[in-house]
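Here the structure comes first, spelled out in structure tokens, and everything after it is commentary.
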Amino acid sequence: MQQLQAKLKNVPVDASQVHCSTSSALNKEEIPSVQDKVLTCNNLDGNPLQHTGGRNHKVSAVVCVRSISGVPLMPTDERWARILLKSGRAKIVGHHPLVVQMLVPTGSNKQKIELGIDSGYKMVGFSCVSRVAELVSGELELDKKTKKRLAEREMYRRGRRNKLWYRKPRWGNRTKSSDWLPPSVERSYNAHLILAKKLYGLLPISSISVEVGNFDTQKLINPDIEGTEYQQGNQYGFANVQAFVIAREKAHCQLCGKEKGTDVWRFHHIIGRKDGGTDRPDNICLLHAKCHEKLHKKHLEGKIKKSKEYKESTFMNIVKNRFVKDLGCETTYGYITFHMRKELGLEKSHINDAFVIAGGTNQTRCQPIHLVQKHKNNRVIQLNRKGFAPSIRKQRYAYQPHDLVRVKGEIFEVVGVHCYGKQVIVKNSRTKLDVPVRNIQWAFHFNSMASK
């Protein structure tokens, strides 16, 4: 119930809420004003657009619609979608967001819809905007596990090949195509393409804009670099990386701050190799041997200043020219997005950036969705049950992590599968269960992107 700042005796009990105080004398005819009467401030605590028919900043998610042949049509609201489903004129064909397909012929009138994508190395923002409203928006979180998976595969392959007496060399028959990308970069870039393809399947998008970047990585590291220094690099004049690190640290330990003395030097990786760290000088610090041992025993990694990585900049420099070729889109840059976002008074976020990139101004915003990149097929190498030679499990179970299932009338998220796919571990906000597959009443399978 709406609470006012003070109780007024002159407010009718059957009056609707308004923006200001009311007086019964104001309802009298031929009296322009009320003299000598002070009214208490009774501004509404709730949304002032509640009774005025105005647009809210956030509205419920739209329902995507497809024709009989599967062609995307203009979306509708939840109320009209419910009417179509109850009357048998449509059926549900997708979730997150909800997608219905018409079972009867319809018109094909379409409005102009622009898709904006805020590309990134870890997070990708997207927004579909029409003339009057934002239809779909959200962000996609990339998993960044490609390097770890490749290292694990290399370990298993090397173990198998070391057991062979002789293996014919094959290193000379490998070639790279002109459009080759490093595996980790390729997976992240393909996520952008898959996202755009999915959105094209939901809405009749007429154009697409993508934000790209052009970074001078050496300028980011050394703002004063110029001329031939680009070819020389920061290690120019030093025999190796160790000599450069010692000169950079002025022969002082980063942990204790003392000189070498009688101890020996150790070159410590600030970000370990197993965690994706490199051998770049910025990722190596100088430590005494005793300090190095102390750091690992007492877990003092937090006292070492981490170097700044430029993987995001490198990723954008690689893929910036590929979006136009693969998507046929228009490109924009971060400084333009920043200027437009400031003019609209929006906070910094991937969703707001995508809204601006799509040409959004004063359109009604929608509730965003959050997606995570999912590894659709796991390549599992396991020992046979009888303990013999390792084998590759090629079977893909029917239920995968992040899939949604209904058990005993409740919706759960799949956590894992065991017993050769006959048992499924599911959880929700209240409990975690281990249920047989035969007890699952309904299932929704996510492919390469799952709802978070």
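For the stretch 341-350, state whether one or more residues are of a type outside the set (Val, Ile, Thr), under 30 Å from residue 181 (Cβ atoms), free of Cβ contacts under 8 Å to residues at least 12 places away in the same chain and in the same structural domain as residue 211 (by TED's automatic domain parsing). So far as the stretch 341-350 goes, yes, one or more of its residues are of a type outside the set (Val, Ile, Thr), under 30 Å from residue 181 (Cβ atoms), free of Cβ contacts under 8 Å to residues at least 12 places away in the same chain and in the same structural domain as residue 211 (by TED's automatic domain parsing).
Restricting 197, 168, 176, 148 to those that are at pLDDT below 90 and either of a type in the set (A, V, I, L, M) or under 21 Å from the mean Cα position of the chain (by Cα) (or both) reduces the list to 148. The single residue among 257, 302, 272, 345 that is at pLDDT 90 or above, surrounded by fewer than 16 Cβ atoms within 10 Å (Cβ to Cβ) and among the small types (Gly, Ala, Ser) turns out to be 345. What's the total number of residues in the stretch 110-166 that are exposed (fewer than 15 other Cβ atoms within 10 Å of the Cβ), closer than 14 Å to residue 203 by Cβ and polar (S, T, N, Q)? Qualifying residue count, the stretch 110-166: 1. For residue 171, the conditions (1) exposed (fewer than 12 other Cβ atoms within 10 Å of the Cβ); (2) touching an Asp or Glu at 6+ places or on another chain (Cβ under 6 Å) are fulfilled apart from (2). Please work out if residue 137 is touching a Cys at 6+ places or on another chain (Cβ under 7 Å), in contact (Cβ under 8 Å) with a residue 12 or more places away in the chain and among the small types (Gly, Ala, Ser). So residue 137 fits the description; yes.
Is at least one residue of the stretch 208-220 surrounded by 10 or more Cβ atoms within 10 Å (Cβ to Cβ), over 12 Å from residue 126 (Cβ atoms), free of Cβ contacts under 8 Å to residues at least 24 places away in the same chain and not polar (S, T, N, Q)?
First, the residues of the stretch 208-220 that are surrounded by 10 or more Cβ atoms within 10 Å (Cβ to Cβ): 208-220.
Within this subset, residues satisfying the condition of being over 12 Å from residue 126 (Cβ atoms) are 212-220.
Going one step further and asking which of them are free of Cβ contacts under 8 Å to residues at least 24 places away in the same chain, we end up with 216, 218-219.
With the extra rule that they be not polar (S, T, N, Q), the set shrinks to 216, 219.
Yes: one or more hits.
Scanning the stretch 418-452 for residues that are aliphatic (A, V, I, L, M) and over 14 Å from residue 376 (Cα atoms), we see that the one that is surrounded by the most Cβ atoms within 10 Å (Cβ to Cβ) is 424.
May I ask you to say which residue of 264, 319 is in contact with a strand residue (DSSP E or B) (Cβ under 9 Å, 6 or more places away or on another chain) and loosely packed, with under 14 Cβ neighbours inside 10 Å?
Of the residues listed, the single one that is in contact with a strand residue (DSSP E or B) (Cβ under 9 Å, 6 or more places away or on another chain) and loosely packed, with under 14 Cβ neighbours inside 10 Å is 264.
When residues in the stretch 279-303 are screened for being closer than 17 Å to residue 250 by Cα and touching a Ser or Thr at 6+ places or on another chain (Cβ under 8 Å), 2 of them pass. Test residue 347 against the criterion of being under 21 Å from the mean Cα position of the chain (by Cα), within 30 Å of residue 246 (Cβ to Cβ) and part of a loop (DSSP other than H, G, I, E, B), and give yes or no. Here the answer is no, as residue 347 does not meet what is asked. The test for being among the basic types (Lys, Arg) and not in a helix (DSSP H, G or I) holds for residue 163.
The values are calculated or read from the model by the stated rules, or taken from the named source; none is laboratory data. This is a predicted model, so every value here is computed, not measured. All Cβ positions, glycine included, derive from the backbone under ideal geometry; neighbour counts span all protein chains shown.
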